[in-house]
Each structure stands twice: as C-alpha cells, then as structure tokens.
Amino acid sequence: MSETPSPTVAVLGLGAMGLPMARRLAERLPVHGFDIARERLDLAEAAGVTPFSSARAAAEGVDAVLLAVRDGAQLRAALFGEDGVAAVLRPGAVVLMTSTVGIEEVTAVAERLAETGVDLVDAPLSGGPVRAGEGDLLIVVGGTPAARERVAPVLEQLASTLSVIGDRPGDGQAFKTVNQLLCGVHIAAAAEALALARALGLDPRTTLDTLATGAAGSFMLANRGPRVLEALEGGDPEVLSRLDIFVKDMGIVTAAAKGAGLPTPVAAAAEQLYRLGAAHGMGAADDASVVRVVAPGA
C-alpha cells in the first residue's frame, strides 16, 4: 500500500456503483457522502459514511471527490452546476472521475479545474456493484504523477487491478473507449450467436456451455450468455448493465474513431443494434436484451 496519508473522500451519488464504493472506502478512509435520495444516504451512514445534505457541503475541505456519473452533462453539472462542487474545492484537491464519458469531455473539464488549482485523475473502471464493494475493480488511470499519488489510497482500496495508462487526464478515457469497443461488440456477437443457435434448432443452453470451452469463448459470452438465453426464452433478465449505457458508450467509440480517422465498421454495426434496442423501448433493460433486436419473437 502507498505511504500517502489517508485522504478524506467525498463520494457524490450513492447509486448502484457509488454506494458500494463508498462503503468499501469507509473501511479504511474518512468518507463523506451525498445523494438526493435519503434512503441511499441512510444506507451509506450505516456503513460508516458521513452523510451531507448537499454536494457542496460534502465536498468542502476534502482531499478528493469521487464521481460516478452517467455522461458529460452530469459531470459538468456535478462540478459547475447549481450545487457544483468546484466552487468549494481547495487548491490541491483531486477530482477522481470513474465513469466513461469520452476523451473530450474529461480533458475540457480538467483544463477548467486546473485554473483553480484542482487536479483531475481520469480513472474509468470496470466491474460492477458486487466487485466494487469487494475492492475487486479494474481501474485504468490517466493523470499526473503528483495527482495520482494523492489519490493512491483511494484507488488501491477499490481496485484489484490498477493500471496507469498515461500522465494526462483523458488517457484513461482513451483506454476505456477501446475497452468498450470490445465489450459492446462481444455482447452483440454473443446475442447473435445464441439467437442463431436457436434458429438452427440447437439447444441454446448446451450450445452456450460448449462454446465456453472452446476458442469462441469470451468473458462476455460467459457473463451475458445466461441472460441472453433468459431474454430468448421470453424472460426479463435482471438489469445488471442497462442497454442504453452501450448506446452511450458505442457512440463514444464511433465518435472517437471518426475523430482519429479510423474506420470501425464492426463497432458501428454493434452501435446500431443497441440504438435499435433503445428505439424499441429496451433502453432501461439489461444489455443482454439486445438479442431481441435480432430475435424479435423472444
């Protein structure tokens, strides 16, 4: 573990990821918490998090602010909006950005924060609520060495795999963009493959189990496959990752590729599957439900 003194951390937003991260951090660090839902604050307080009635109150005087937001608009609102915390952060504080919002969004915010002496560490993560609560996340980090050092105890408490990608805010987003290209394509491919297995008269469950043992196996096939089958069978899989998240993330992927002048036809095709799913009212459903785009009778 790092020798850096324990920082005080404000976790703003105690939702599906924010609450387990706050709980995990509170095992070793002083943690402030804020959420608009009183019941989420109560759950955090029971785990040792100090609750506050506003984001600014939670962030005032802290060493680091951890944000898990949906998109760039929420990021800007959290920092610079009506209750935006940038107004109360002291010079030397660090904003720890854990969401996938895109390279340009993060670099623009980092430049604006730097004008007040506040650093941004770009640290998008992969895992999920259960792994967040266990400190078993994959976190990729972009940020200056000095800023990374100041939030090292936070990152180390949350991550089982911590990889420094670069020294600039935006580097983490760049890596996560590549990561999400693969994740989005793999989920879509798994859905198509299992739908095809059923259409060809194969037993989908036997097919899934057998595919997982060979060269066609992948993490996403194993992880999403059972939920794809549930959707194929007419059920509603538990929502562990919303379909509209991949509408956002694949949009980030294809926009980044366009900016780089790189064709990504497979990613573009996967993006359209998620967009079709959202257009058919499945945005809030689990992303495995994208199989219904290619097997609408499911």
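Quick notes on this structure:
- Residues that are outside any loop (DSSP other than H, G, I, E, B) and within 13 Å of the chain's Cα centre (by Cα), drawn from the stretch 97-112: 97
- Test: residue 99 is modelled with pLDDT under 95 and buried (at least 17 other Cβ atoms within 10 Å of the Cβ): yes
- Here residue 296 meets the list (1) modelled with pLDDT of 95 or more; (2) over 18 Å from residue 70 (Cβ atoms); (3) not β-branched (Val, Ile, Thr) almost entirely, failing just condition (1).
- Only listed residue being at pLDDT 95 or above, surrounded by fewer than 20 Cβ atoms within 10 Å (Cβ to Cβ) and over 16 Å from residue 232 (Cα atoms), chosen from 256, 279: 279
- Residues being of a type outside the set (A, V, I, L, M, F, W, C) and not in a helix (DSSP H, G or I) - total across the stretch 142-161: 5
- Filtered residues of the stretch 215-250 (kept if in contact (Cβ under 8 Å) with a residue 60 or more places away in the chain and surrounded by fewer than 16 Cβ atoms within 10 Å (Cβ to Cβ)): 233, 234, 240
- Conditions (1) in contact with a Cys (Cβ under 7 Å, 6 or more places away or on another chain); (2) farther than 18 Å from residue 176 by Cα; number of the one not met by residue 223: (1)
- Set 190, 222, 278: member being farther than 27 Å from residue 102 by Cα and among the hydrophobic types (A, V, I, L, M, F, W, C): 222
- Applying the set (1) touching a helix residue (DSSP H, G or I) at 6+ places or on another chain (Cβ under 8 Å); (2) outside any helix (DSSP H, G or I); (3) modelled with pLDDT of 95 or more to residue 201 leaves exactly one unmet item: (1).
- Flag for residue 139 being part of a strand (DSSP E or B), β-branched (Val, Ile, Thr), at negative phi and in contact with a Gly (Cβ under 6 Å, 6 or more places away or on another chain): no
The values are calculated or read from the model by the stated rules, or taken from the named source; none is laboratory data. Nothing here was measured: the structure is a model prediction, and the numbers come from that model. Glycine also receives a Cβ, built like all others from the backbone with ideal geometry; neighbour counts cover every protein chain displayed.
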